[in-house]
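Data block below; observations after.
Please treat every number below as a calculation from the coordinates, not as lab data. These figures come from a predicted structure and were not determined experimentally. Note: ideal-geometry Cβ built from the backbone for every residue, glycine included; neighbour counts use all protein chains shown.
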Amino acid sequence: MRIIVDSGSTKADWIIYDSNETTQISVSSLGLNPEVITVDEFEHRVNQLVEVRSNKELVTELYFYGSGCGTPRAKNVVINFFKGYFSNLQELHVMEDTYAAVYATSAPGEEAIVCINGTGSNCSYYDGNEVHQRVQSLGYIAMDDCSGSAFGRLMIKGYYLKSMPLELRNLFEQKYDLDADVIKNHFYKMENPNAYLASFLPFLIANKEHPYFVNLIEDQIQFFIDYYIKQHPEYTSAPVHFIGSVAYLLQGCFKDKLTANGLKSGVFYQKPLDGLIEFHRKR
């Protein structure tokens, strides 16, 4: 049995094939980011999938593309977990989610700049053969600019500092529990604070035409272009592809900013899974 997993911090999508590669099952779990959840929570989330738990002994091949797997320490956490969880595993590949984005959007032999703008964010250059990471992400506290967690943080900050216009503040507090104790409990005591911040994104999407959010969105995209995309000298010629809900749902804004900066828009996918399935099929 072979499994392909594409995991962000918020959600993980699983594709499960039987031993004959004739049956394909698609299931989802909560996100499996080793940087923001414990090993026990990691196991709990995997165990929620009956299709996986009941076939543990049959799994021989696993490809895991995950956010948070960019450092050897975090990557080893995932490797050690799956080696212990699937007793008959013969082939295991654990890679950062960047590779899922690259494989889903870019053809072998063709260069591209590939961005992820979902719960978190990053940006890589693909030379047609190898992936080059010129900006090391430090996670949602220091970086992850132009992501769901970044926009969530800015909205909460704008609400509390009263820089958010009153009409938006009233709507915001009607939709969410913005009590300071509730927010701080999510920040300091609960799992996935980055996913919690990203949970405010639907409010921004619903009100993206408001001048306050127009400026907020444009500023974040421009910052991402200046300090992430333009870290790669190839930006002058390579198309720029995007994966993730932020880029997908705001792609009109992204395309306008890319054009204004003389960059070439590539494809926009909310999730890389379909492209990953095709990539592995060809392999």
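By the rule of a C-alpha distance below 18 Å, with chain neighbours fewer than 8 residues away ignored, the aspartates and glutamates paired with residue 189 are 35, 40, 41, 177, 179, 181.
Mean-square fluctuations from a GNM of the chain, with a 10 angstrom spring cutoff on Cα atoms, peak among 66, 118, 128 at 128.
Compute the relative contact order of the range 1-141 as a whole-number percentage, counting only Cα pairs closer than 8 Å that sit 6 or more residues apart in sequence.
19
Short-range pairs are left out: with C-alpha atoms under 8 Å and at least six residues apart, the relative contact order of the chain is 17 percent. DSSP beta bridges confined to the chain are antiparallel in about 50 percent of cases. Residue 184: which lysines have alpha carbons under 23 Å from its alpha carbon, excluding same-chain residues fewer than 8 sequence positions away? Of all the lysines, those that pass the test against residue 184 - Cα under 23 Å, at least 8 places apart if same chain - are 11, 157, 162, 175.
Ordering of 185-192, 5-12, 197-204, 57-64 by packing is 5-12, 197-204, 57-64, 185-192, highest average first (other Cβ atoms within 10 Å, averaged per residue). For residue 139, the amide hydrogen comes within under 5 Å of the amide hydrogens of 144, counting only partners 5 or more places away or on other chains and with H modelled in the peptide plane.
When both bridge partners sit in the range 36-137, DSSP labels roughly 55% of those beta bridges antiparallel. Using a Cα-Cα cut-off of under 26 Å, which lysines could be cross-linked to residue 230, ignoring same-chain neighbours fewer than 8 residues away? Partners within reach: 208, 255, 257, 264, 271.
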